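Student: Could you have a look at this structure, given as structure tokens, before my questions?
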Amino acid sequence: MTAEVALPHRHPSVVAMLAAAAAEAPHVEALVDGGRRVDHAGYLASVAAFAHELQALGARGERVATLVGNSIEACVAAYAALAAGAQLVPLNPLLTPHELGFILADAAPRVLVVDAALADAVRAPARDAGVAEIVVVGPRTRRLDLPAPAGRALPPLPDPGSIALLQYTGGTTGRAKGVELTHEAIAVNVAQREALLPSRRGDRILCMMPLSHAYAMAMGLFLAPYAAGTLVILPRYQPDAVLDAVERERISVFPGSPTVFTGLLGHPRMAATDWSRVHTCYSGASALPAALLARWQAATGTPVHEGYGMTEAGPVLSFNPVGRPIRPGSVGVPVPGTTIEIVDVETGTRVLGAGERGEVRARGPQLMRGYRHRPDETAQALRDGWLYTGDIGELDADGWLYVRDRKKDMAIVGGYNVYPREVEEVLFAHPAVADAAVVGVADDYRGERIVAHVVVRTGARADDASLMDHCRERLARYKLPSAIVRHDALPKTGANKTDKNALRRAAVPARAAAGTAPEPPTAEMPP
């Protein structure tokens, strides 16, 4: 199906969006970070000043990696990298030095902008990756919102067709893949989403998800300037802080996830919180149960508009549009200019009819150019102009999309994509592990959680605590197994492959003390 809704105004880049917001509403708040407040004029001036500094460091035409927690610095650094004509490489602060080392080596950034709290941990992998310049930022180290030199304008805007964003997503091979997106692709995707979920001028948008993630960028970092509105930044998802911000900051747009909506509905302060200014709620990661959608609307007076996308798609492909009844279980209709089809799993060429399940494929101007340094995987994902998502879904008779399953081996934990192969490779690196298989299992709160099934070598000794310590050194917290299940041998299929379906069906502990992983702070769009 192809959406027929017309696109609203589209900018050549998100940097142009910020410049337009500064011209239209120079003295309207653009960023709120605790007690720090910056208007659009100050935001643009800070971006321009830092962009020139990055260019002086040789960033133009190269890559600038940012490893910065949610803050004004994260926003200014991201826009400055784009304005400098560099490719922005946003890095998740939750990643371990082991994980960061691979990404830095693959991305080869000229400059790394890093939060002072993370600087010591990343210096060694940055040095090993050949990073030429490290800029340490933070409110107590170096603020990026201080008054900029008068009259410093933005550098010339980059070519819309050039690569703007190199965003790393998990890989089925166990290694993260760098998704290459152009300035035009990410800018047009903002307009595409606006066509189905129009913002209001001056909207105040809450951002509790990491600003390094595709969801936070699309539904916060890039949305706010488009609306000449305000991005209210929280360091992470904490229910009390969220409820306080909704009232204190007069939030009107609330991007969340199933984990967030479920958690807030169970919070004792929820009923007493004033949600009257919120006119739009977004959700991604996985479908919300119909009962939860009804409870949220009853509690806040505002429906949740669910969408679907992936990093490779810029990231938004579909949404339940404003002004039409929500269809529980559906992730909506394609955004304008996007065609979504369901094709047979075997060949990917036979288009299926309404109600038939197959692989979801999409075509549109927001798709990635490809994976950095991965021609084979690019050729597998992009075929004849179509992005093959690896998700199993169906379209109803009206063209609304329902995502039913995943073709690829992946779990979504609290909104984060976790590829079992990556966790398995870490377990295999432990000298006591002879065999390992990792699966995602259903979890009422996180959506899914990770369970590791392990066979220990004969004569070797390794308790669960030592295995978990090994994982913690190499994996971000949200990738950690919630339980480790030991086996004498893993079940095999007739082709002598590990039978993961059997492992998923097997009873597993609800939680294991040695393996309990901290709550992920937010969500990204579903893959």
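The values are calculated or read from the model by the stated rules, or taken from the named source; none is laboratory data. The model shown is predicted, which means the values in this text are computed figures rather than measured ones. Positions of Cβ are backbone-derived with ideal geometry, glycine not excepted, and every protein chain shown enters the neighbour counts. Surface areas here come from the heavy atoms of the whole protein model, side chains and all, with no ligands, DNA or RNA. Shrake-Rupley method; radii C 1.70, N 1.55, O 1.52, S 1.80 Å.
Student: If you average the sequence gap of Cα pairs under 8 Å that are 6 or more apart and divide by the length of the chain, what percent do you get for the contact order?
Tutor: Values: 1252 pairs, mean separation 76.6, N = 527.
That works out to 15 percent.
Student: How large is ³J(HN,Hα) for each residue in the stretch 434-439, as worked out from phi by the Karplus curve 6.51 cos²θ - 1.76 cosθ + 1.60 (θ = phi - 60°), to whole Hz, x for Gly and Pro?
Tutor: Result, rounded to whole Hz: 8, 8, 7, 8, 10, 9.
Student: The chain: D in µm²/s via Stokes-Einstein (Kirkwood Rh, Cα pairs, 10 °C, 1.306 mPa s)?
Tutor: Values: Rh = 23.5 Å.
The estimated diffusion coefficient comes to 67 µm²/s.
Student: Got a sec to turn the phi values of the stretch 130-141 into Karplus ³J(HN,Hα) couplings, 6.51 cos²θ - 1.76 cosθ + 1.60 with θ = phi - 60°, whole Hz, x for Gly and Pro?
Tutor: Karplus-based 3J(HN,Hα) across the stretch 130-141 equals x, 5, 7, 9, 10, 10, 9, 10, x, x, 9, 10 Hz.
Student: Here's another thing I want to ask about it. Determine the sum of side-chain charges near residue 73: Lys and Arg each +1, Asp and Glu each -1, restricted to other residues whose C-beta is under 15 angstrom from that of residue 73. Before the final figure, lay out the partial values.
Tutor: Values: positive: 36, 37, 140, 142, 143; negative: 33, 53, 115, 145.
Charge balance in the 15 Å sphere: +1.
Student: Of all accessible surface on the chain at a 1.4 Å probe, what whole percent is carbon and sulfur?
Tutor: Working: 9960 of 19690 Å².
Taking all protein chains in place, the chain shows 51 percent carbon and sulfur surface.
Student: Which peptide among 438-445, 277-284 comes first, and what is the full order, when sorted by highest mean count of other Cβ atoms within 10 Å?
Tutor: Details: 438-445: 17.4, 277-284: 21.9.
For the peptides 438-445, 277-284, the packing ranking is 277-284, 438-445.
Student: Another one. Mind ranking 341-351, 97-107, 321-331 by how tightly packed they are, going by the mean number of other C-beta atoms within 10 angstrom, highest first? Before the final figure, lay out each step's value.
Tutor: Working: 341-351: 14.2, 97-107: 19.6, 321-331: 16.1.
The packing order, highest mean first, is 97-107, 321-331, 341-351.
Student: Taking amide hydrogens as modeled 1.01 Å from N in the peptide plane, which residues meet the under 5 Å criterion relative to residue 443, leaving out close sequence neighbours?
Tutor: The list, which skips near neighbours in sequence, is 448, 449.
Student: Next question. Using +1 at the C-beta of Lys and Arg and -1 at the C-beta of Asp and Glu, which of 52, 402, 388 has the Cα lying farthest in the positive direction of the dipole of the chain?
Tutor: Going by the Cα projections, it comes out as 52.
Student: Then there is this: Whole-Hz ³J(HN,Hα) for each residue in the stretch 409-414, computed from phi via Karplus 6.51 cos²θ - 1.76 cosθ + 1.60 with θ = phi - 60°, x for glycine and proline: what do you get?
Tutor: 7, 7, 10, 10, 10, x
Student: Scan around residue 482 for amide H atoms under 5 Å from its own, H built in the peptide plane at 1.01 Å from N, and keep only partners 5 or more places away or cross-chain.
Tutor: 450, 451, 452
Student: Between residue 314 and residues 5 or more places away or on another chain, which pairs have amide H atoms under 5 Å apart, with H built 1.01 Å from N, and which residues are they?
Tutor: The list, which skips near neighbours in sequence, is 368.
Student: Can you give me the relative contact order of the stretch 1-131 as a percent, contacts being Cα pairs under 8 Å and 6 or more apart? Walk me through the numbers on the way to the answer.
Tutor: Details: 175 pairs, mean separation 27.4, N = 131.
Across the stretch 1-131, relative contact order equals 21 percent.
Student: Enumerate the aspartates and glutamates that residue 407 could reach by cross-link, defined here as Cα to Cα under 13 Å, with residues fewer than 8 away along the same chain left out.
Tutor: Within reach: 344, 346, 359, 391.
Student: Same structure, new question: Rounded to the nearest 5, what % of DSSP beta bridges with both residues in the stretch 205-346 are antiparallel?
Tutor: Working: 5 of 16 bridges.
Percentage antiparallel, nearest 5: 30.
Student: May I ask you to order 109-121, 178-190, 370-382, 203-215 by the average number of other C-beta atoms within 10 Å around their residues, highest value first?
Tutor: Working: 109-121: 21.0, 178-190: 23.8, 370-382: 16.2, 203-215: 25.7.
The packing order, highest mean first, is 203-215, 178-190, 109-121, 370-382.
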